[in-house]
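For reference, the structure discussed in these notes is given below.
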Amino acid sequence: MITIALSKGRIFTETMPILKSAGILCAENPESSRKLVFETNNKNVRLIIVRASDVPTYVECGGADIGIAGKDVLDEYQGEGIYHPLDLNIGRCKMMVACKKEFDYKQAVQKKSRLRVATKYSNAASDFFAKKGIHIDLIKLYGSMELAPIVGLADIIVDLVSSGETLKANHLIPVEEVSTITSRLIINKASLKLNNATLKPMIQQFSEAVK
Ligand code: PRP
């Protein structure tokens, strides 16, 4: 049995066509169901639905053989038992620094001022500002980062920006790009050896679907 870990939300609608092109179809729509395990048309393949940030944990620890996770999530994950063989080129967005219009980010960077940064992407934010030689106080949040500058919790945020609507609705502006984010196929290293005959053609089909 091959178990594929997926998450609902941002990348889910783009994930299903990729599975379909690899011949994996699910009779039920996981997006509108509370169930967490879904059979597919292939009796040897099932889907499990987990939180986006838990996908690498499930895959590394063998709870799933393969998974689809954003580069944002993978950069924060410190595990070593997973291969990242394929950029699926879905869920494309940018990780950005953003702040209130009134905050002079450019000047703060020029002066190398100490910055209070709210984010759930601690590794990405720390690396980004370390490279600039800027000291930061990290404020780890798990969602709704946009609130932090509004209520004075932070000077800036590091967060994903897709349409830009969330920033706009909260009167924040993007001021610098940290990186481009896409979703990756990840594979449990041991499973790839053990289930090579099944997984290799599946990865090949995913790869062709991406092209
Ligand atoms: C992300 C991000 C922003 C929003 C940006 O959240 O954290 O809040 O999307 O999208 P936009 O530029 O199109 O408005 P997501 O929906 O992934 O959920 P999260 O809060 O769980 O991170």
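The values are calculated or read from the model by the stated rules, or taken from the named source; none is laboratory data. On a predicted model such as this, the values are computed, not experimentally measured, just so you know. Neighbour counts are summed over all protein chains in view; Cβ atoms, including those assigned to glycine, are modelled from backbone coordinates with ideal geometry. Quick note on the areas: whole protein, heavy atoms, side chains included, nothing else; ligands and nucleic acids left out. Shrake-Rupley method; radii C 1.70, N 1.55, O 1.52, S 1.80 Å.
Restricting to the stretch 1-51, count the residues that are of a type outside the set (S, T, N, Q), within 16 Å of the ligand (Cβ to nearest atom) and open to solvent by less than 50 Å² (accessible area, probe 1.4 Å).
The number of residues fulfilling the criteria is 6.
For the stretch 98-124, what are the residues that are of a type in the set (Gly, Ala, Ser) and under 14 Å from Tyr142 (Cα atoms)? Break it down into steps so the answer makes sense when it comes.
Pass one, the stretch 98-124, residues of a type in the set (Gly, Ala, Ser): 98, 108, 113, 118, 122, 124.
Of everything in the stretch 98-124, those that are of a type in the set (Gly, Ala, Ser) and under 14 Å from Tyr142 (Cα atoms) turn out to be Ala118, Ser122.
Taking the options Ser162, Ser144, Ser122, name whichever one is polar (S, T, N, Q) and on the phi > 0 side of the Ramachandran plot.
Numbers: Ser162 fails: on the phi > 0 side of the Ramachandran plot; Ser122 fails: on the phi > 0 side of the Ramachandran plot.
When all the criteria are applied, what remains is Ser144.
Quick check on my filter: what residues within the stretch 169-194 are over 14 Å from Pro149 (Cα atoms) and of a type in the set (Val, Ile, Thr)?
The answer is Val178, Thr180, Ile181, Thr182, Ile186, Ile187.
Within the stretch 177-209, how many residues turn out to be open to solvent by 50 Å² or more (accessible area, probe 1.4 Å) and touching a residue at least 24 places away in the same chain (Cβ under 8 Å)?
Residues flagged as open to solvent by 50 Å² or more (accessible area, probe 1.4 Å) and touching a residue at least 24 places away in the same chain (Cβ under 8 Å) within the stretch 177-209 amount to 8.
Among the residues of the stretch 139-176, which ones are more than 6 Å from the ligand (Cβ to nearest atom), among the polar types (S, T, N, Q) and out of contact with any helix residue (DSSP H, G or I) (no Cβ under 8 Å at 6 or more places or on another chain)?
Passing the criteria: only Ser144.
Answer yes if at least one residue in the stretch 168-190 is in a helix (DSSP H, G or I) and farther than 30 Å from Ile2 by Cα, and no otherwise.
Checking the stretch 168-190: at least one residue is in a helix (DSSP H, G or I) and farther than 30 Å from Ile2 by Cα.
Please state which one of Gly152, Gly143, Gly133 is open to solvent by less than 70 Å² (accessible area, probe 1.4 Å) and without any contact (Cβ under 8 Å) to a residue 12 or more places away in the chain.
Of Gly152, Gly143, Gly133, the one residue that is open to solvent by less than 70 Å² (accessible area, probe 1.4 Å) and without any contact (Cβ under 8 Å) to a residue 12 or more places away in the chain is Gly152.
I'm trying to understand the selection: among the residues of the stretch 99-130, which are within 16 Å of the ligand (Cβ to nearest atom) and open to solvent by less than 10 Å² (accessible area, probe 1.4 Å)?
If the condition is that a residue be within 16 Å of the ligand (Cβ to nearest atom) and open to solvent by less than 10 Å² (accessible area, probe 1.4 Å), then Cys99, Val117, Ala118, Thr119, Ala125 are the ones that fit.
What are the residues in the stretch 53-72 that are under 24 Å from Leu167 (Cβ atoms) and either exposed (fewer than 15 other Cβ atoms within 10 Å of the Cβ) or in contact with a Leu (Cβ under 9 Å, 6 or more places away or on another chain) (or both), if any?
Ala69, Gly70, Asp72
So, in the stretch 73-98, how many residues would count as being in contact with a helix residue (DSSP H, G or I) (Cβ under 6 Å, 6 or more places away or on another chain), open to solvent by 60 Å² or more (accessible area, probe 1.4 Å) and closer than 25 Å to Ala118 by Cβ?
Adding up the residues that qualify gives 1.
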